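Asks: Structure provided below as structure tokens; questions to follow.
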Amino acid sequence: CPSDLIRFCPICDGYEAIDRRVGVVGDLHNAGKKALFLRTYTKDVSVFVTGDSNGTDDTRKTLEEAKLAVFDAPQKIRLDAPGRVAIETESGSVHELDALYPAMGCAVRSELATVIGASCSEIGNLLVDDHQRTTVPGLYAAGDVVTDLHQLSVAFGHAAIAATDIHNQLPRNYR
């Protein structure tokens, strides 16, 4: 599919979904969160639940209240017409969309830091202070390993904060 049909970040490009038909593919929890975010841009958002639904009845209720359509898993995804993507579900229904967002989740890779003693959240995000310092002296963390907001600008901000703190910790040479 052309790159303008498959989108990854509704924060960066959600405005391009205004009043368009949008689909989100993933487990109920991850796809549901992204679909709810996209719902602010368009009324026509569908969730295509893959594998384990990984969601509660509360998740389904929230999606229903937001008037989001929930369908079974995609069997085929194809370019249907110029500027359109079609999803055929396992049950055989076909849905034509203007944009498709994958919401497959991600795994936090903080094992090296936690092995040396850094504290982390339940899902593995490293705990940091206002200067991006972990609970291990001299160990800083930034970006996806710290937060679920997977944005380059967030990682750059974290890095700038950490770099400033590291610089301020350096010995001064005032000869």
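The values are calculated or read from the model by the stated rules, or taken from the named source; none is laboratory data. These figures come from a predicted structure and were not determined experimentally. With ideal geometry, Cβ positions are generated from the backbone for all residues, glycine too; neighbour counts draw on all protein chains shown. The accessibility values were calculated without ligands, DNA or RNA, using every heavy atom of the protein model including side chains. Shrake-Rupley method; radii C 1.70, N 1.55, O 1.52, S 1.80 Å.
Asks: Out of residues 5 or more away from TYR140 or on other chains, whose amide H comes under 5 Å of its own, with H placed 1.01 Å from N in the peptide plane?
Replies: Residues meeting the amide H criterion: THR134.
Asks: Right, another one. Just the number please: accessible area per residue for the chain, 1.4 Å probe, all protein chains included, in Å².
Replies: Working: 10470 Å² over 175 residues.
Result: 60 Å² per residue.
Asks: Please work out how much length the chain gains when fully extended from ASP4 to CYS106, using 0.36 nm per residue of separation minus the C-alpha to C-alpha distance, in nm with one decimal. Intermediate values should be presented prior to the final figure.
Replies: Working: separation 102, 0.36 × 102 = 36.72 nm, distance 2.24 nm.
This chain segment gains 34.5 nm when fully extended.
Asks: Under a Cβ-Cβ cut-off of 14 Å, what is the net charge of the residues other than HIS95 that fall near it, where Lys and Arg count +1 and Asp and Glu count -1? Kindly include the intermediate steps, with their values, before the conclusion.
Replies: Numbers: positive: ARG20, ARG21, LYS76, ARG78, ARG84; negative: ASP44, ASP72, ASP80, GLU88, GLU90, GLU96, ASP98.
After counting each charged neighbour, the total is -2.
Asks: Using Cα-Cα distances under 8 Å and only pairs 6 or more residues apart, what relative contact order does the chain have, in percent?
Replies: On the way: 306 pairs, mean separation 30.9, N = 175.
So the answer I get is 18 percent.
Asks: Within the set of other residues whose C-beta is less than 14 Å from the C-beta of GLY124, count the net charge using Lys and Arg as +1 and Asp and Glu as -1.
Replies: Numbers: positive: ARG109; negative: GLU111, GLU122, ASP144, ASP148.
Its environment carries a net charge of -3.
Asks: Expressed as a whole percentage, what fraction of the accessible surface of the chain belongs to carbon and sulfur atoms when a 1.4 Å probe is rolled over the protein heavy atoms?
Replies: Values: 5720 of 10470 Å².
For the chain, the apolar C and S fraction of the accessible surface comes to 55 percent.
Asks: Could you tally up the Lys pairs in the chain with alpha carbons closer than 16 Å? Skip any pair fewer than 8 positions apart unless they're on separate chains. The partial results should precede the final answer.
Replies: Values: LYS33/LYS43; LYS33/LYS61; LYS33/LYS67; LYS34/LYS43; LYS34/LYS61; LYS34/LYS67; LYS43/LYS67.
Total qualifying Lys-Lys pairs in the chain comes to 7.
Asks: Using a Förster distance of 25 Å, how high is the FRET efficiency between ARG78 and THR42, based on the Cβ-Cβ distance and rounded to 0.05? Before the final figure, lay out each step's value.
Replies: Values: r = 22 Å, r/R0 = 0.87.
After rounding, the FRET efficiency stands at 0.70.
Asks: Can I ask one more? With a Förster radius of 22 Å, plug the Cβ-Cβ distance of GLU96 and THR56 into 1/(1 + (r/R0)^6) and report the FRET value to the nearest 0.05.
Replies: Values: r = 30 Å, r/R0 = 1.36.
About 0.15, to the nearest 0.05.
Asks: Between TYR174 and ILE123, what FRET efficiency comes out of the Förster formula 1/(1 + (r/R0)^6) with R0 = 30 Å and r the beta carbon distance, rounded to 0.05?
Replies: Working: r = 45 Å, r/R0 = 1.50.
After rounding, the FRET efficiency stands at 0.10.
Asks: Let me ask you something else. At 222 nm, what helix-only mean residue ellipticity would the chain give, in deg cm²/dmol to the nearest 500, using -39500 (n - 2.57) for each DSSP H run of four or more? The partial results should precede the final answer.
Replies: Values: 5 runs with 47 residues, N = 175.
The helix-only estimate for the chain comes to -7500 deg cm²/dmol at 222 nm.
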